[in-house]
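Notes follow once the structure below has been shown.
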Amino acid sequence: MTSAKSPDSAARGDQRNMNHRSSGISSNGTSVGSGEEGALMPPPKSVVGRALGNDLHSDAHKTSQAPKGGVGSALTDTPISTAPPSPQITGLTSASTPSRVRATTLDIPGLTKSKVSPDGRIAQRDVGAKLVIVMVGLPARGKSYITKKLARYLNWLQHDTEIFNVGERRRVAAGKSPSPAKFGRPLDKRPSNVHKDLLDSVRRLSVSVGTMNQNDSSGPENSSPPDHAPLPPPVVPAKILVNGEEPGSSISQNGSTVIPSIDAGPGQFHRDSEAAREASPEPMDQTANFFDPQNQRAVKLREQVALDTLDELLEYILEDGGSVGILDATNSTMERRKAVVDHIRARAGPELGILFLESSCVDQNLLEANMRLKLSGPDYKGQDPMTALEDFKKRVALYEKSYVPLGEYEESHNMAYIQMIDVGRKIVSHQTNGFLSSQVVYYLLNFNLSPRQIWITRHGESLDDAAGRIGGDSGLSENGKRYAKALARFIDHQRQKWEQYQHQKNQLNNFPPRPGDSTPPNPSYIPRDRPRNFCVWSSMMKRAVQTVEYFNEDEYDVKQMRMLDELHSGQMEGMTYKEIQEQYPEEYAHRKKDKLFYRYPGPGGESYLDIINRLRTVIVEVERTTDHVLLVSHRSTARVLLAYFRGLKRDMVADLDVPMGMLYMLEPKPYGVEFKAYQYNPESDWFDYQPDYELHQVGAQ
């Protein structure tokens, strides 16, 4: 289990049966706060309920509590204890459910299963196996870039992951961005001690200690708002969807687009719309002045945003079945990070894993590239680059005054953290013990920003393809051989074209950026005075090996990988889909119902989840290498590869349309992945570019 602990929690062997008074739960299990304060707490129906209210950084006396609402009933394999209470715990008034720390070993969809998790996903009760990743770092350090790639990878591995970006939500609240898909929930009007700590930390987030200590005798317009004052009405939370999609329905309000919540009724949408308008009746200035402590309206709005975003993340983890939640914000002070941990522990208990992930830049070229990218973002879009750069540096300076990097404090308190220097040039890992945490470290160790191209295609037509048979290991047909020859010629042409473009781009890089110059460079630590290597990887099946045999091995590094082999159909290898439907109607129906999880019966039979897991090493190797790569594989493996690079939804993978003759190009960029598609033209024996091509699903097969 990976979790962040304070000195108080480390000194106590077991606090899982003890609740802090500020949690809003009395000794008899009833709520002592307002209804809205109680809304912050998840229903005590699982291990979460037993752990409510632990304030890790408070020395207040903690008393034992009885479970509320039959906490143990949800855990049918954990009966309520009939033994007398332990003499070491005082104040116990009734019997309580045993709250042992459950084992949190690996959970891999499709490869593991248990009574509580028959499909291999992390069970809702296993809170200790879940993870909250808290980003740390100054602006323009690549935090959002890292979070998007990390979320894409974890979602591809079928670990439900979502990003909660405080900056995006702040822009929505201030009226500068369209409203995202889901509205926030009401916050407490009577905050707990943990809430007060978090509110205070937000006020001091971007100012130095000298600026914080303002004269209390200043006028009311300059005084800090009291802690008990109600916050502005909740505004729309920001979510970065990995697949890049948002609900289609929208309503225009005051020049901004508001997308109603999919689970809220019409009345709720109307109330939330009114609240959003009241919170930000007109767009707020978000230059460096927005982060000035004298700007009380901005301070209050940032308090609202920080709390609401964190609460939304916890609801996703505790109530909505999420496995990983990523809090994308600066979290640049020790005080702020301590308050975040306290808030998580007060709501989720001591078992939920917390991992701090800091991104810092010491390479000046990388920092300049990040700044150029930031200047083309939503805060400075359409502004003069020199003016925008000057304002952005002022904003960064406000954060730098109070910035405290991860290190000694976290290590002395056994907090799990990762430091990422120059987006992967150097990695420092501390106490990353959990399964998901180790997956994060493994992935981040293979990061690089080098410009390169990744090509994906299926093999040329095989003899079995011509006959409509699945599986098998036949060679290429005559059409397949023509495709293979054209592929080698086209890739060679594109390789030379790319090298020429990169040479021109390197000569045009300027910092500060010139007007109209909006494309940031890819920082790279490999020599630029020689052409990039080009790897050609195929599966070990005959039709794929024959497809790459026309590449000149003096110019290309050709390799075969069994991980790229086609999905094995078990006892149905070599059959047509019509034959399967006739001879195995039940199996055919099961597969059609859920192709992602369906595993072919018989020796060697596989599912798409098996393909995902055996392609994991290929994906990490593609992310690690700084060379161009061409992957020649099969329909199922091409679907899974494209699903990763395009961040597709889970239900799209098994039915993705990947016809023969299509060649896909993906080029990593600082802002994402550029995608292009080409189609083989038998008449010209060449590949035609397909503008505005979008991946889509097809029917059965």
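The values are calculated or read from the model by the stated rules, or taken from the named source; none is laboratory data. Everything numeric in this text was worked out from a predicted model, so none of it was measured. Cβ placement follows ideal geometry from the backbone for every residue including glycine, while neighbour counts extend to all protein chains displayed.
Annotations for the structure displayed:
- Scanning segment 563-610 for residues that are surrounded by fewer than 16 Cβ atoms within 10 Å (Cβ to Cβ), over 18 Å from GLN697 (Cα atoms) and either in the same structural domain as LYS542 (by TED's automatic domain parsing) or of a type in the set (D, E, K, R) (or both) returns LYS578, GLU579, GLU582, GLU586.
- Test for SER360: is it within 24 Å of the chain's Cα centre (by Cα) and closer than 19 Å to LEU327 by Cβ: yes
- Selection within segment 315-328 - surrounded by fewer than 24 Cβ atoms within 10 Å (Cβ to Cβ) and not charged (D, E, K, R): TYR316, LEU318, GLY321, GLY322, SER323
- Scope segment 677-697; condition in contact (Cβ under 8 Å) with a residue 60 or more places away in the chain and on the phi > 0 side of the Ramachandran plot; matching residues: ASP685
- Across segment 633-678, the qualifying residues are those that are among the basic types (Lys, Arg) and in a strand (DSSP E or B), and the one among them that is nearest to SER462 (Cα to Cα) is LYS676.
- Segment 556-583: number of residues that are part of a loop (DSSP other than H, G, I, E, B) and either at pLDDT below 95 or touching a Gly at 6+ places or on another chain (Cβ under 6 Å) (or both): 6
- Scanning segment 578-621 for residues that are among the aromatic types (Phe, Trp, Tyr) and more than 37 Å from the chain's Cα centre (by Cα) gives a single hit, TYR584.
- Qualifying positions in segment 330-365 - surrounded by fewer than 20 Cβ atoms within 10 Å (Cβ to Cβ) and touching an Asp or Glu at 6+ places or on another chain (Cβ under 7 Å): VAL362, ASP363
- Some residue of segment 384-401 being under 22 Å from ILE146 (Cα atoms) and small (Gly, Ala, Ser): no
- Residue that is surrounded by the most Cβ atoms within 10 Å (Cβ to Cβ), among those in segment 452-466 that are in contact with a Ser or Thr (Cβ under 6 Å, 6 or more places away or on another chain) and within 24 Å of GLN581 (Cβ to Cβ): SER462
- So TYR664, is it out of contact with any Pro (no Cβ under 8 Å at 6 or more places or on another chain), among the aromatic types (Phe, Trp, Tyr) and either under 30 Å from LYS374 (Cβ atoms) or touching a residue at least 60 places away in the same chain (Cβ under 8 Å) (or both): yes
- Listed conditions (1) within 29 Å of TYR577 (Cβ to Cβ); (2) surrounded by fewer than 21 Cβ atoms within 10 Å (Cβ to Cβ); (3) of a type in the set (Lys, Arg); (4) at pLDDT 95 or above are all met by ARG469, apart from (4).
- The lone criterion from (1) modelled with pLDDT under 85; (2) not in a loop (DSSP other than H, G, I, E, B) left unmet by TYR145 is number (1).
- Enumeration of residues in segment 485-498 that are surrounded by fewer than 20 Cβ atoms within 10 Å (Cβ to Cβ) and touching a Leu at 6+ places or on another chain (Cβ under 8 Å): PHE490
- Residue within segment 334-349 that is hydrophobic (A, V, I, L, M, F, W, C), touching a Lys or Arg at 6+ places or on another chain (Cβ under 8 Å) and part of a helix (DSSP H, G or I) present: no
- Filtering MET420, MET415 for residues that are modelled with pLDDT under 95, over 24 Å from GLU621 (Cβ atoms) and buried (at least 21 other Cβ atoms within 10 Å of the Cβ) leaves a single hit, MET415.
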